[in-house]
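Structure, as structure tokens:
The values are calculated or read from the model by the stated rules, or taken from the named source; none is laboratory data. None of these values were measured; they are calculated from a predicted model. No Cβ is skipped: glycine too gets one built from the backbone with ideal geometry, and neighbour counts run over all protein chains shown.
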Amino acid sequence: MKIIDMKCVKGFMQLAQDSVDKGWHEMNGGNLSYRMTEAEAANVKKECKKPTSDWMEIGGSVPKLGGQFFIVTGTTRFIRNVTRDPANAFGITEIDATGTKYRIWWGLEDGGRPTSEFAPHLRCHEIRMEKTDGANRVIYHCHPPAVIALTFILPLTDKAFTRTLWSAMTECPVIFPEGVGVVKWMVPGKDDIARATQKLMATYNCAIWAHHGVFCAGATFDKAFGLMETVVKSADIALKVMSTGKKVRQTITTDDIKKIAKDFKLTLNEKFL
Ligand code: 13P
Ligand code: ZN
């Protein structure tokens with residue numbers, strides 16, 4: 001099957017377009033990656049016959065991902081061009097057996113390279129793969145204004161963000177019962193921020209980067225996008241309420257959150273109750 005006709009490639013492009021439509025991607029802001037199944041990787045090898053690059057350094061080490069194939073957006077390439085010019089905007093890469101190098105099989109034309117956040121993506125893939133018995137395949141990063149704005153006014157703690165988001169929209173504890181994690185401001189694209197995010201992703205499907213953006217994980221493109229959409233919407237509501245400057249008369253209380261958990265049979269993260 002042609003690369004562009006593969007279901008996972010179509011899902012990748014759909015998420016990119018939906019996210020651009022949401023206004024979460026200025027310029028080259030944000031990036032997306034997907035861990036292919038063995039059958040999908042086999043199709044890439046059959047269709048492309050040989051890699052188009054030599055092995056190159058990842059800038060971090062992800063030994064558990066050795067031999068895996070990833071679809072990934074290109075650094076400096078615009079997410080809005082994922083659907084317009086696929087082979088230029090993203091590509092398919094293979095990780096070597098040691099988990100320290102990658103090579104390109106398809107796309108990333110005109111000298112393209114994977115996102116500068118490849119190390120955080122791969123480290124998040126590694127931990128989410130482990131924690132979900134291989135179910136999680138998508139890591140998605142974007143720059144949504146409401147969440148970034150909140151990082152200027154809330155304490156940069158997992159608890160402050162989780163409680164604010166859980167209390168702003170009733171469905172939130174259902175969608176992310178484990179809560180969300182927060183990474184203090186750090187230089188992006190480096191292994192330090194990758195490690196800090198990986199640590200949070202051992203518990204959470206969502207990590208917020210102060211003054212920068214959000215990383216979400218999911219088993220499918222729909223799930224990763226849906227989680228991002230929920231976090232962003234809840235942050236938007238919280239921010240709008242705060243921006244009125246009015247006294248908050250009522251909110252979703254801890255007791256209310258516990259009632260939701262009981263009814264929906266959720267295991268909420270006890271740390272935040
Ligand atoms: P890339 O263009 O390298 O993907 O960087 C965009 C970004 O969002 C950095 O955090
Ligand atoms: Zn970013």
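Of all the listed residues (60, 29), the sole one being out of contact with any Gly (no Cβ under 7 Å at 6 or more places or on another chain), within 16 Å of ligand 2 (Cβ to nearest atom), in a loop (DSSP other than H, G, I, E, B) and among the small types (Gly, Ala, Ser) is 29. Take residue 247 and tell me if it is assigned to a loop (DSSP other than H, G, I, E, B) and surrounded by fewer than 15 Cβ atoms within 10 Å (Cβ to Cβ). Judged against the criteria, residue 247 is a match. The test for being at pLDDT below 95 and either under 14 Å from residue 140 (Cα atoms) or charged (D, E, K, R) (or both) does not hold for residue 247. Per the conditions (1) more than 16 Å from ligand 1 (Cβ to nearest atom); (2) under 12 Å from residue 112 (Cα atoms), the sole criterion not satisfied by residue 72 is (1). Answer with yes or no whether residue 20 is within 16 Å of ligand 1 (Cβ to nearest atom) and either modelled with pLDDT under 95 or out of contact with any Cys (no Cβ under 9 Å at 6 or more places or on another chain) (or both). Spelling it out, residue 20 is indeed within 16 Å of ligand 1 (Cβ to nearest atom) and either modelled with pLDDT under 95 or out of contact with any Cys (no Cβ under 9 Å at 6 or more places or on another chain) (or both).
Screening residue 49 against (1) within 16 Å of ligand 1 (Cβ to nearest atom); (2) modelled with pLDDT of 95 or more; (3) on the phi > 0 side of the Ramachandran plot leaves a single unmet condition, (1).
Scanning region 34-49 for residues that are loosely packed, with under 12 Cβ neighbours inside 10 Å, more than 9 Å from residue 69 (Cα to Cα) and not aliphatic (A, V, I, L, M) returns 46, 49.
Do the conditions hold for residue 260, that is, is it assigned to a helix (DSSP H, G or I), in contact (Cβ under 8 Å) with a residue 12 or more places away in the chain and either over 16 Å from residue 153 (Cα atoms) or more than 28 Å from the chain's Cα centre (by Cα) (or both)? Before the answer, list the steps.
On the way: assigned to a helix (DSSP H, G or I): yes; in contact (Cβ under 8 Å) with a residue 12 or more places away in the chain: yes; either over 16 Å from residue 153 (Cα atoms) or more than 28 Å from the chain's Cα centre (by Cα) (or both): yes.
So residue 260 passes the test.
Restricting attention to region 200-229, and to residues there that are closer than 18 Å to residue 272 by Cα and away from ligand 1 (no atom under 14 Å from the Cβ), which single residue is surrounded by the fewest Cβ atoms within 10 Å (Cβ to Cβ)?
Of all residues in region 200-229, those closer than 18 Å to residue 272 by Cα come to 200-208.
From what is left, the residues that are away from ligand 1 (no atom under 14 Å from the Cβ) are 200-206.
On the way: 200: 21, 201: 26, 202: 12, 203: 16, 204: 23, 205: 29, 206: 28.
Checking each candidate, the answer is 202.
From the set of residues in region 178-199 that are buried (at least 20 other Cβ atoms within 10 Å of the Cβ) and of a type outside the set (A, V, I, L, M, F, W, C), which is farthest from ligand 1 (Cβ to nearest atom)? This residue is 179.
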